[in-house]
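Structure, as structure tokens:
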Amino acid sequence: MARVPPPAKRSTRSTPREPRTLEPTAPSALRSKDETIPVLRPDLRGYVLEQEVVDGFADRADLSENQRVAIAKLAERFSPDGASDEQKALLAAAQPQPASDLGLALAADEDQLTEDFLAGALADLPESAWRVISNPAEHGSAYPLTSVDLQKLTGATYRQIRYWNEAELLPSQVVDGERRFFATGLAKAFMLFEAEKYQVAAANAVRHGGMDARRVLRLVGASLVENARHAPGGAAAGKLAEAGQLLMRHCAEIVDRPSGKGAHATPKRGVSKRGASKRAHATSSRSAMSSAKRSAKTIAPSRGLSGAKRTTPRMPSASGTSARESAPRSGQSKR
Amino acid sequence: MAARLPWDERPHEFLFHYTYRWRAEAISRTSEFVVGHTPHPRHGTGMFATDIRPGQLPLDEVLRILFNDARPAEILDAVIVVRRDLSVFKAVDQNQFLWSARPTSPEEPGLDLVGLMVGYGQRGVGREYLFPRWVWELWPC
């Protein structure tokens, strides 16, 4: 019988562990054309520009004007000798630059993401979707996202993205004249991809106002009131009933916005305004309804061939191709 | 390489702005903070920062203290480190400081962080905050 050798003795002396650092080669979650501005070092004795650590704050003619102005500002405040004459001239001539399109878009998107999160609109997003939202670079994309990026990241089809886009269900921002998507748009795309086609059609109807929108809201309102009636009671049930009643009572004010496609139609020539308004309303309602029905038929179904509802999101793998991940926990709340 | 970060060594000299990864990358690249339009219910708009260091408390607790759980914890993955310049950042609450400013409009610049920002980090796979190698190497410990 073979003898089992004794386990090798391990050294008990601990060696100091190298701290884990942020690798400069890590893929960026942001696609930006903005130039990099020098960053003050924590020891205040120099600056860092694109990973290059520099001692002192001397002017450098090889840099752009914005970068030189930033170094001049640092010299003025942190150099023992202050800014040089050349740097003082640079600072005197420098004009404040307006915020970039990208910076404004990112701030606006953050506002919207916070608003949607607080409203509970993103409560059902699985953790796997949040991971993609946090760092699309792991899946070969970066903000700002194009429609193609959204397809790649969510697994949605071109037709779905186009439909959601045209229906104004995907929040977007304009960057350098182009419509682009950020975290809120990506989060909404994940949610729409998970939704049943009739749910998307109802959201589209509500978005565009008119009779269909009011009908959807009245049905939802009535359901809320009914749910509240059967709820155990308490303040929450009362608020639920109140919300349902408000929804039914004020549905027209909520959905009939001036730019709503279904809400306002141009009166036809030679018809009285009142009559035209009624006719336009009826026409637009029919058109919105048929549009919703049509869209319900045409958008790519979220059921598989078997007809079973798909509950797992299609998530991109590291290589960028779609792969399914585990389903979210039932009733999972994100906070 | 130093075994401790500058802000662990001298915590009273720094403040931290916790944000999303992509937003932190934009801020660290341009040294500019574009102020959003949604005001804090009590303090208004501007750039908020805290003296709670990365890793000092569990992130859930940080979010509760700073944001009253009004941000998705899953994606609050990055931190901007700034000098604790109390001529700019005023204390508005326990652990909270604000550089008060009106929302940035397309015609005007955001808040200029040149001379204030001294680092940028993001959470890694193990969920701890990672900082560039130079942050560790520069500090004379």
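The values are calculated or read from the model by the stated rules, or taken from the named source; none is laboratory data. Because the structure is predicted, anything quoted here is derived from the model rather than measured. Every residue, glycine as well, gets a Cβ built from its backbone with ideal geometry; the counts of neighbours run over all protein chains shown.
Do we find that B:Glu128 is more than 8 Å from chain A (Cβ to nearest Cβ), surrounded by fewer than 16 Cβ atoms within 10 Å (Cβ to Cβ) and either closer than 30 Å to A:Phe78 by Cβ or of a type in the set (Asp, Glu) (or both) in this structure? Spell out the reasoning first.
Details: more than 8 Å from chain A (Cβ to nearest Cβ): no; surrounded by fewer than 16 Cβ atoms within 10 Å (Cβ to Cβ): yes; either closer than 30 Å to A:Phe78 by Cβ or of a type in the set (Asp, Glu) (or both): yes.
Criteria not met by B:Glu128.
For the stretch B:3-19, the criterion of a residue being surrounded by fewer than 18 Cβ atoms within 10 Å (Cβ to Cβ) and within 18 Å of A:Leu106 (Cβ to Cβ) is satisfied by no position.
Suppose we keep only residues that are farther than 20 Å from A:Asp256 by Cα and crowded, with 16+ Cβ neighbours inside 10 Å within the stretch A:196-230. Which one would you say is nearest to the chain's Cα centre (by Cα)? Only one residue tops the list, namely A:Lys197.
In contact with a helix residue (DSSP H, G or I) (Cβ under 7 Å, 6 or more places away or on another chain), surrounded by fewer than 16 Cβ atoms within 10 Å (Cβ to Cβ), more than 11 Å from chain B (Cβ to nearest Cβ) and of a type outside the set (Phe, Trp, Tyr): which single residue out of A:Gly82, A:Gly120 fits that description? Walk me through it before giving the result.
Values: A:Gly120 fails: in contact with a helix residue (DSSP H, G or I) (Cβ under 7 Å, 6 or more places away or on another chain).
Checking each option against the conditions leaves just A:Gly82.
Can you tell me which condition B:Gly36 does not meet? The list is (1) buried (at least 18 other Cβ atoms within 10 Å of the Cβ); (2) more than 15 Å from B:Ala101 (Cα to Cα), and all the others hold. Condition not satisfied by B:Gly36: (2). The set of residues from the stretch A:77-113 being touching a Phe, Trp or Tyr at 6+ places or on another chain (Cβ under 7 Å), outside any helix (DSSP H, G or I) and charged (D, E, K, R) is empty. Restricting the stretch B:1-24 to residues that are under 16 Å from B:Leu116 (Cα atoms) and part of a helix (DSSP H, G or I) leaves a set whose member that is nearest to the other protein chains (Cβ to nearest Cβ) is B:Pro6. Could you check, for the stretch A:51-73, whether at least one of its residues is crowded, with 21+ Cβ neighbours inside 10 Å, facing chain B (nearest Cβ under 7 Å) and either of a type in the set (Ser, Thr, Tyr) or closer than 24 Å to B:Arg23 by Cβ (or both)? Looking through the stretch A:51-73, at least one residue is crowded, with 21+ Cβ neighbours inside 10 Å, facing chain B (nearest Cβ under 7 Å) and either of a type in the set (Ser, Thr, Tyr) or closer than 24 Å to B:Arg23 by Cβ (or both). Listed by first and then second residue, the pairs with beta-carbon distance under 9 Å, at least 6 apart or on different chains, first residue in the stretch A:238-257 and at pLDDT below 85, second β-branched (Val, Ile, Thr), are A:Ile254/A:Val206; A:Val255/A:Val206; A:Val255/A:Val216.
Within the stretch B:8-54, restricting attention to residues that are of a type in the set (Lys, Arg) and out of contact with any helix residue (DSSP H, G or I) (no Cβ under 9 Å at 6 or more places or on another chain), the residue that is nearest to B:Lys90 (Cα to Cα) is B:Arg42.
Say whether the condition of being basic (Lys, Arg), within 12 Å of chain A (Cβ to nearest Cβ), buried (at least 19 other Cβ atoms within 10 Å of the Cβ) and free of Cβ contacts under 8 Å to residues at least 40 places away in the same chain is met by at least one residue in the stretch B:62-76. Yes. Taken over the stretch B:26-61, the criterion of being within 26 Å of A:Glu138 (Cα to Cα) and under 12 Å from the mean Cα position of the chain (by Cα) is satisfied by B:Ile27, B:Ser28, B:Phe33, B:Pro54.
Name the residue, out of B:Val118, B:Val88, that is outside any helix (DSSP H, G or I) and either away from chain A (no Cβ under 12 Å) or over 12 Å from the mean Cα position of the chain (by Cα) (or both). Lay out the reasoning, then the answer.
Details: B:Val118 fails: either away from chain A (no Cβ under 12 Å) or over 12 Å from the mean Cα position of the chain (by Cα) (or both).
None of the other options fit; the residue is B:Val88.
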